[in-house]
Amino acid sequence: AGTALTGLTIGLLFWIGFKSSSLIEFAISIHEFIVNLLYWLIGIHILAATYHRLKKDGVWSSMVPFWKE
C-alpha cells in the first residue's frame with residue numbers, strides 16, 4: 001500500500017507542477033525506501049522458505065500444501 005500511495009503522491013505532485021522541489025524529492029526518497037524494504041523482505045522470505053525446505057521440519061508443507069515433502 002505504501003508503494004502505491006507514494007507513487008500516486010509523486011504523480012500528483014508532478015501533475016500540479018512540483019517538478020523540482022524538496023517536497024517531491026522527499027516523496028521520491030520515501031518511495032525508494034519502501035521499494036528497497038520490500039525487496040529485502042521478499043529476499044528474506046525466500047531464504048527462510050528455502051531453509052525450512054532443507055530442514056524438513058514441516059513448515060514448508062504448511063506454507064506450500066500442493067508440494068508436499
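Could you work out how much longer the chain between residue 19 and residue 53 gets when fully extended? Use 0.36 nm per residue separation minus the Cα distance between them, nm to one decimal.
Working: separation 34, 0.36 × 34 = 12.24 nm, distance 4.82 nm.
Stretched fully, the residue 19-residue 53 segment lengthens by 7.4 nm.
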*Pairing the Cα long axis of helix 22-55 with the longest principal axis of the chain, what angle in degrees results, from 0 to 90 and rounded to the nearest 10?*
0
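Rank these by accessible area, largest first, 1.4 Å probe: 33, 66.
These residues rank, largest area first, as 66, 33.
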_How long are the semi-axes of the equivalent ellipsoid of the chain, taking √(5λ) for every eigenvalue λ of the Cα gyration tensor, in whole Å from largest down?_
41, 11, 6
*the chain: angle of helix 2-15 to the longest principal axis, Cα-based, in degrees nearest 10*: 20
*asked:* Could you tell me the relative contact order of the chain? Use alpha-carbon pairs under 8 Å, at least six residues apart, and round to a whole percent.
replied: 23
*Heavy atoms only, probe 1.4 Å: what % of the accessible area of the chain goes to carbon and sulfur, would you let me know?*
74
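The values are calculated or read from the model by the stated rules, or taken from the named source; none is laboratory data. Note that the structure is predicted; figures quoted are calculated from it, not measured. Ligands, DNA and RNA are stripped out before the accessible areas are found, and what is left, the full protein with its side chains, is counted by its heavy atoms. Shrake-Rupley method; radii C 1.70, N 1.55, O 1.52, S 1.80 Å.
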